[in-house]
Every structure is written in C-alpha cells, then in structure tokens.
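A short reminder: the numbers here are calculations on the coordinates, not readings from a lab. Because the structure is a prediction, the values reported are computed rather than measured. Here the Cβ positions follow ideal geometry from the backbone for every residue, glycine too, while neighbour counts run over all protein chains shown.
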Amino acid sequence: MGDKMTMDARAEQSDDASRPDNTGVAGGDGHAAAERYLRLIGERVRNARARRGMTRKILARDSGVSERYIAQLETGQGNISILLFRQIARAMGLPLADLAREGPDRPVEFTLVRQLLERLSTDELAAARELLSARFGRALDGQRAGRIALIGLRGAGKTTLGRRLASHLGLPFFDMGEEIERDSGMSLSEIFSLSGQASYRRLEKRCLERLLENHDRAVIETGGSLVSEPMTYELLLRGCFTIWIAAAPEEHMSRVVAQGDYRPMAGNDEAMEDLRRILAEREALYRKADASIDTANRTEAESFNDLLRVLPAALGIAASRRG
C-alpha cells in the first residue's frame, strides 16, 4: 500500500513536468514531434489496455500508478522522461523497445530476423508467417487436432457450443475459468481483487499447460482476453485446433445481459464503445485461429452445424460422429 501511495504521489507531483516540450530534445526534434510521439505512446497503452479488457481503474490498481496519470498518458501527456529515453536509444542505434523490455537480452539472430521482417510489406509479412509456422510452428498433427479450443469475446456462444460439441464428439469439456478457480481455490473475482491481472495471467498459463499435458483429446473454452497474452496464446495455437467464435458487438452485449449479468452496463454509458474498441483491438489476434464461425443472427442449431463444418479432416473422431 505504501509503495502505491508513493507512486501515486509522485505521479500527481509530476503533472506539470509531464507536459511535453522540447527541453533536452536534441536534433531539432522539437515540440510538435515530441507531442506526436507522446500521443503514439498513449495510443499504444490505450490499445493494449483494450485488448486485455482492462479499465483505467483496474490498470491503476494493478500497476500502482494513479488513474489520473494513466488518463494523461493515454491522451498524449506522458512524462517527458520517455523522450529522453528515446534519445538514448537513438544514440545507440537501438529500438526503444530493446532498452525498455524486461528479461534477458535476445540473441543476435533475433535482431537480424526482426530487421528483415521490418522491411517486408503487409502481404509479405503474412507469407513469412505462414512459412515460419509451417517450418517451426503448429503442424496439424493428430494430437493438436484432437484438442479443440474455442476463443472469442464473452457472449459469442463459446460455452453453449463448446459443451454441445464435447458431447457430440464424446470428449471432455473444460472451461478455462472454472479450471483456474479449481487450481487456485479462489473465484475469478477474488483473484482479480486480491492479486490483480498479472497473477490471473500466470494462473491462466499454468492451467493451460496442465490441460495440454494431461489431455490429448478435449474441447477447451478460453477466456476472451487470453489472446492478448502472446506466450499463452502461442501455447494454445501450438497445442490445439483453434476456432474463433465471433458475433456482432450488439449481440455480445445483449447475450451477456440476457444471462442476467448487468455489469457491462452498470455505471458505464460508453459500454458499447468500449466493447467495439476491445473487438477492434483483438480482431487481428482472433483471426490467427485455424478457423472461425460467426454466430450473429444464427440459431444455436445453425451455429453448431457451422462449427462442425470447420472441423479439420484430420480430426477423425469428428468425421465418424457427425450426424
């Protein structure tokens, strides 16, 4: 608590210092360039927060940084020190991310590959990803095909379709949220309240590792924000045949409310705008799935038939049980 209060106090005291100017910014970068860069940083923070489905209040609680300062950061009023940090990175010819990232230094080969990829167009990057996946990634072997993972935002129909698919195929069904609660001995709300999202992410990854290790055949329903954690999502993509269950934002919201959960609407007049932002930020991640179906304006039976149609031929257990 003391550390959080200290960080909040420092953030409040730095309000004036956080206004961007060209003090100490070398090379003619100037006021306008500094403002553009701070807006870019703010947008990245805001988008990353949206992908994780975190409110500013939750991010403030988990990071120990005041909600007011996070709001300033996201609107391009971040601390001037980030500009000085960028100067240091530029002076050494390094991307800022290389200095800012946590963990050990990456091998030289990683830097060389990244430099190559940075020169490619969007279409060339997509082709390169396919080549890398074919060589080093997730070949559709029998084990991966035997595990089906459903991804997507809450309210798309993952639980209903997942349970029905598991019954249809004679496979066990695992709800990742329920499995995390079982492993931790706490409810999800308690995990977030007591330990924060970082702790939840560790539990989520550990739970997925256990499921993949212990079950060669299963249907797994994941949380909507799992895709925002690169290591956990890659583990899922490598270990399962993954299907994105999609729906329109309005249907996501109406289905959650129809289930009796009014939290998305409580005290949040911008709930739909937030939901659309989350979907927009996650769409590229969801599209990395092996297949997808759209449940918008579809009955449960129609959606289930759509789901059966996208199952891979390699999944022999499905072909023999389809009605």
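As a proxy for reagent exposure, GLU221, GLU35, GLU302 were ordered by neighbouring Cβ count within 10 angstrom, fewest first; the result is GLU302, GLU35, GLU221.
Remark: the stretch 202-219, residue by residue, has Karplus-estimated 3J(HN,Hα) of 5, 5, 4, 5, 4, 5, 5, 4, 5, 5, 5, 6, 9, 9, 7, 9, 5, 10 Hz, where x stands for each Gly or Pro and the curve is 6.51 cos²θ - 1.76 cosθ + 1.60 at θ = phi - 60°.
Annotation: amide H of ASP175 within the under-5 Å range of GLU221, sequence separation 5 or more or interchain, hydrogens built in the peptide plane. For the stretch 149-222, the relative contact order is 53 percent, taking Cα pairs closer than 8 Å that sit 6 or more residues apart in sequence and dividing their mean separation by the residue count.
From the Cα gyration tensor of the stretch 140-319, with a ≥ b ≥ c the square roots of its eigenvalues, which class applies: rounded if a/c is under 1.5, or else prolate if a/b is larger than b/c, or else oblate? It comes out oblate by the Cα gyration axes. The stretch between ARG182 and VAL45 holds 46.1 nm of extra length on full extension. This uses 0.36 nm per residue minus the Cα-Cα distance. Going from the fewest other Cβ atoms within 10 Å to the most, the residues ASP216, ASP290 appear in the order ASP216, ASP290. For the stretch 250-255, 3J(HN,Hα) computed residue by residue from phi via the Karplus equation (6.51, -1.76, 1.60; θ = phi - 60°) reads 4, 6, 3, 5, 5, 5 Hz, glycine and proline entered as x.
Here the extension length gained between SER189 and PHE136 equals 15.3 nm, from 0.36 nm per residue of separation less the Cα-Cα distance.
3J(HN,Hα) along the stretch 115-121: 4, 5, 5, 5, 8, 8, 6 Hz, from the Karplus curve 6.51 cos²θ - 1.76 cosθ + 1.60 with θ = phi - 60°, whole Hz, x for Gly and Pro.
For ALA218, the amide hydrogen comes within under 5 Å of the amide hydrogens of ARG147, ILE148, counting only partners 5 or more places away or on other chains and with H modelled in the peptide plane.
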